[in-house]
Each structure stands twice: as structure tokens, then as C-alpha cells.
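Colleague: Below is one structure. I have some questions about it.
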Amino acid sequence: MADLTTTVAGVRWRNPLWLASGIWGESGESLRGAYEAGAGAVITKSIGSGPRPGYPNPTVEPLGPVGMLNALGLPNPGIEEYPREIEKAVSAGVPVIGSIFGGSANEFTALARAMSRTGVRAIELNLSCPHAEGFGTEVGSDPHLVERIVRRVRAATTLPVIAKLTPNTSDPGALARAAERGGANAVSAINTVRGLAIEPELRRPVLAHGIGGLSGPAIKPVGLACVWQIYEAIDLPIVGIGGISTATDVVEYLLAGASAVEIGTAVAQDGIEVFGTVAKALSDWMDRHGVGELAELIGAAHPGRRAKRGSPRRTRSVASHRRRRVSVVRGRSPPAML
């Protein structure tokens, strides 16, 4: 049977299929449910400094088989309240990754300190929401600001830090390099792609906010391209996001350079059972193709990758030498299995 374990940000996870932030993360029970359904890790909804109601309805526009458009406005109960939900999941043994968003390096730093006290295994920095004024892409499109935020957060916590990057940029590699310089342990890409739907009869945007974020199968080529470019640019593990609903999708992201993936829209459309279904299908695919572990797939589509399978750069996410390097550089012990 194929080995689905993977190492990201110095932590070894039971499989590469993670629940994406903003989907199914309203409560501790829902986080636990996703893990019990087969997810390798679960990511909370993005949490800010205080309660935020989000935008008025309509906030979501289904687009059939291509995905959906949404502009929720980062609704959340705030960092003072949400840890109660995290505790419900953590106490049940669920590996939780805490997602945070802020409008400045100071705000991200304060949130990281607070999130570090909740029992999460890692922190994902939402630097990429495309429709929340003053947050997300507005702070995450500037490499200098990305580096500054990551550096400040890195100094404020001992937990692994994952920088979630935007596709709404001309150079995702530059943002990834900025996160790497700042001390990130991994990057995730992509968030939703900026988009708009208009109702012709009413002559106005469908979503109350107007501009929203496109997710689902339509953005998979964009996500793959960003992961490909980022893999060529940095030496950090990558978590791929965008249009993933089948084992074939997962394999494509692994071949592009991802060490894990996040699943979101497919959960909203098909339910949390997608994790178990995809995990089994991925294992079956690897068995049929004689692939024993994920390390054989990560980055394998890149020119020269097969000839360099033993090189640090080309097997950085799961190879033992990379784990030792992370332990030395970050001052941590070897990764624990989750």
C-alpha cells in the first residue's frame, strides 16, 4: 500500500489532503468531522483581531461545474472567541492549523501570539483574500510587506509559519521568495482569483460587494502554474490550492511541486466525504503506477527532476536530509507524525 504521509513545515502529516480555510471551519465539531472523514489536517476559518460580520447577502454565486464566486468579507468571531472552537478539535486529537489575517505587521504579530496559545500545530497567514479592503491581497501583493509580516510573525512564535499567497500578481515567485526571506516554513498557493458576475436584467453585480473570489475547477490551471513557478523559485515546501476534487488533481499538484494540497470548493459542493474518497483514490493510483511514497511525485514534472531525485532541492519536502536541515535551521526536533 502506498505511503501517503508527507512533511510540510517540519511536521509530518498523515496524508497531503488538508481542509482549506474558510470551508467547513465554523466550529470545532466541523473541524473534527473533516479530520475524521479523512483529511490530513484542518485549517480554521481566517481569524482577525475582533468580531467581523462580513458583507451583506448575496455573498456566494454558484457557477455550476466550474466552481463558485464568493465575497464573504472575512466574517469571524475574533481571536478572543474562536479559540473555544479550536479547543474542541484539538482536545479530540485533530491537527489544526490556525489561519489569521490582519492589516499590518503589528496586527499579524499580535494574532500569531494569541493563536500560538490555542494548541494549533502551525499558523497560516492569509495574505491573499482578494475582496476584503485593507486585508489579504492589499497587504500581500507587496513583496517587501510580505517579508516584513512573515519576519515579525516568525519572531513572535515557535510554531511553523505558512504564508498563503495570492494569484492576483504578476510574479508569484517574488512573493514566495519574500516569504522565504522572512523565515516562513512553507507557502500555500493559491487563494481565490479576483472575479465578477453581473446580472444583466438588474444591471448590477450579482454579489452585494461586487468583486469576489473565484474558486473551484476553473482556477486549477492558475493554481498549478503558480505552484510550478514557486517551486522553481524557493526551497520551501508548497501547499497547492485551487480546483482540487479528485486524486488526479492531487497528482497534478504534486508533480508541479506541491507537498500537500488544500480542498475547499469540493467540500462545499460534495461534503467532507471527499477527503476519504480522494485519499483512497490517490492510494490506488500510486499502487497502479508503482509509486511507493509521495516523494517520488513531488516536483517530478519539472525538467531534470528525475535525474535529480536525490538532490536537496528536488526532494526537499519529504527527504530525510531536508528534515534534518529544517531541524537545524529552525532549532526544532525532527517532525512528529500527526
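Colleague: Quickly rank 292-298, 52-58, 234-240 as a protection proxy: mean count of other C-beta atoms within 10 Å, highest first.
Modeller: Values: 292-298: 21.0, 52-58: 14.0, 234-240: 25.4.
Highest-to-lowest ranking by the protection proxy: 234-240, 292-298, 52-58.
Colleague: Let me ask something additional. Express in whole angstrom the spacing between the alpha-carbon centres of segment 6-27 and segment 195-247.
Modeller: With segment 6-27 and segment 195-247 each reduced to a Cα centre, they are spaced 19 Å.
Colleague: What number, in percent, do you get for the relative contact order of the chain if the mean sequence gap of Cα pairs under 8 Å and at least 6 apart is divided by its residue count?
Modeller: Computed over the chain, the figure is 20 percent.
Colleague: With point charges of +1 on the Cβ of Lys and Arg and -1 on the Cβ of Asp and Glu, referenced to the Cα centre of the chain, which listed residue (ALA197, GLY212, GLN229) lies farthest in the positive direction of the dipole?
Modeller: Of ALA197, GLY212, GLN229, it is GLN229.
Colleague: Still on this structure, please answer the following. To the nearest 20 debye, what is the magnitude of the charge dipole of the chain about its Cα centre, counting +1 on the Cβ of each Lys and Arg and -1 on the Cβ of each Asp and Glu? Can you show the working numbers first?
Modeller: Details: 36 positive and 30 negative charges, 319 e Å.
Dipole magnitude for the chain comes out near 1540 debye.
Colleague: Right, another one. Taking every DSSP beta bridge that has both residues in segment 6-330, what percent is antiparallel when rounded to the nearest 5? Please list the in-between numbers first.
Modeller: Details: 15 of 40 bridges.
Within segment 6-330, antiparallel bridges account for around 40 percent of the total.
Colleague: I would also like to ask the following. Compute the FRET efficiency between ASP284 and ALA225 as 1/(1 + (r/R0)^6), taking r as their Cβ-Cβ distance and R0 = 35 Å, and round to the nearest 0.05. Could you put the intermediate results ahead of the total?
Modeller: Working: r = 27 Å, r/R0 = 0.78.
My answer for the efficiency is 0.80.
Colleague: So what are the ³J(HN,Hα) numbers for segment 190-199, from phi and the Karplus equation (6.51, -1.76, 1.60; θ = phi - 60°), rounded to whole Hz, Gly and Pro as x?
Modeller: Whole-Hz 3J(HN,Hα) from phi for segment 190-199: 10, 7, 5, 9, 4, x, 8, 10, 10, 8.
Colleague: Something else: What are the residues whose amide H is under 5 Å from the amide H of GLY299, where those residues sit 5 or more places off or on another chain and H is modelled from the backbone?
Modeller: Residues meeting the criterion, in which the H sits 1.01 Å from N, are LEU255, ALA256, GLY257, ALA258.
Quick note: the coordinates plus some simple rules give every number you see, no bench work behind them. Quick caveat: nothing in here was measured; it's all calculated off a predicted structure. Every residue, glycine as well, gets a Cβ built from its backbone with ideal geometry; the counts of neighbours run over all protein chains shown.
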